[in-house]
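Chemist: Supplied in structure tokens, the structure appears directly below.
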Amino acid sequence: MVDKKLDQCMKPHGEEGITTIQNMNENHREIYDFGFECVDVGRDDKILDIGCGGGVNIERFLKLTDADVDGLDYSEVSVSESIRRNRSSVDGGRCRVIQADVSDMPVEDESYDLISAFETVYFWPDIAETFKEVYRIIKADGQFMIAQGTDGNHPDDEKWLKPLKA
């Protein structure tokens, strides 16, 4: 049961995948809010949300910038839900949602001012390769924000930083 749930969180699929995405959007709200408090979004910032899930953070970023906001996820269900949620921006050409692996993103070098990763880093199969990819596609003065397993208000939040400091 735990493996099945973890598998759905890692790569939502089927009807259960849609429910999983909806649950993540709701259950991770405090973490999303905390992440948005910690990042400075400019009106001209082009943004990529890696592991975009159901597109809730794409939707939020679209309200903070006048530039393009894109999403990337390797789950077909997540890509479909992100497009559905942000349909008018997708249709208007301000948002594109890409189905791809984070360790090999089909994105031009130095394309984004801000790259975000909400509740996804622990699912990346090769974190070092993915960080290289982020470095490749982010602009020289860009920001990379990871919001992971914490909303900044609990004493045990530090545990999520230890693997990233190693």
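Chemist: What are the residues in region 96-154 that are of a type in the set (Val, Ile, Thr) and closer than 24 Å to VAL77 by Cα, if any?
Modeler: Passing the criteria: VAL97, ILE98, VAL102, VAL107, ILE115, THR120, VAL121, ILE127, THR130, VAL134, ILE146.
Chemist: Within region 41-73, how many residues turn out to be of a type in the set (Asp, Glu), within 19 Å of GLN99 (Cα to Cα) and in contact (Cβ under 8 Å) with a residue 60 or more places away in the chain?
Modeler: 1
Chemist: Quick check: is even one residue across region 61-75 at pLDDT 95 or above, part of a loop (DSSP other than H, G, I, E, B), of a type outside the set (Ser, Thr, Tyr) and buried (at least 21 other Cβ atoms within 10 Å of the Cβ)?
Modeler: No: zero hits.
Chemist: Quick one: which of ARG94, ARG60, ARG85, ARG43 is over 20 Å from GLU129 (Cβ atoms) and touching a strand residue (DSSP E or B) at 6+ places or on another chain (Cβ under 8 Å)?
Modeler: Of ARG94, ARG60, ARG85, ARG43, the one residue that is over 20 Å from GLU129 (Cβ atoms) and touching a strand residue (DSSP E or B) at 6+ places or on another chain (Cβ under 8 Å) is ARG94.
Chemist: Out of (1) in contact (Cβ under 8 Å) with a residue 60 or more places away in the chain; (2) part of a loop (DSSP other than H, G, I, E, B), what's the single condition that is false for VAL134?
Modeler: Going through the list (1) in contact (Cβ under 8 Å) with a residue 60 or more places away in the chain; (2) part of a loop (DSSP other than H, G, I, E, B), VAL134 breaks only (2).
Chemist: Provide a single number: the residues in region 18-60 that are touching an Asp or Glu at 6+ places or on another chain (Cβ under 9 Å), surrounded by fewer than 15 Cβ atoms within 10 Å (Cβ to Cβ) and modelled with pLDDT of 90 or more.
Modeler: 3
Chemist: Filter region 134-147 for residues that are crowded, with 19+ Cβ neighbours inside 10 Å and not β-branched (Val, Ile, Thr); which is modelled with the highest pLDDT?
Modeler: Out of the qualifying residues, it is GLY142.
Chemist: Consider region 78-129. How many of its residues are aromatic (Phe, Trp, Tyr) and over 23 Å from ASP40 (Cα atoms)?
Modeler: Total satisfying the criteria: 3.
Chemist: Could I ask something else about it? Whether any residue in region 91-113 is farther than 18 Å from GLY53 by Cβ, at pLDDT 90 or above and either assigned to a helix (DSSP H, G or I) or touching a Pro at 6+ places or on another chain (Cβ under 6 Å) (or both) is what I want to check.
Modeler: yes
The values are calculated or read from the model by the stated rules, or taken from the named source; none is laboratory data. All values derive from a computational prediction rather than experimental measurement. All Cβ positions, even for glycine, are placed from backbone atoms using ideal geometry, and neighbour counts span all protein chains on display.
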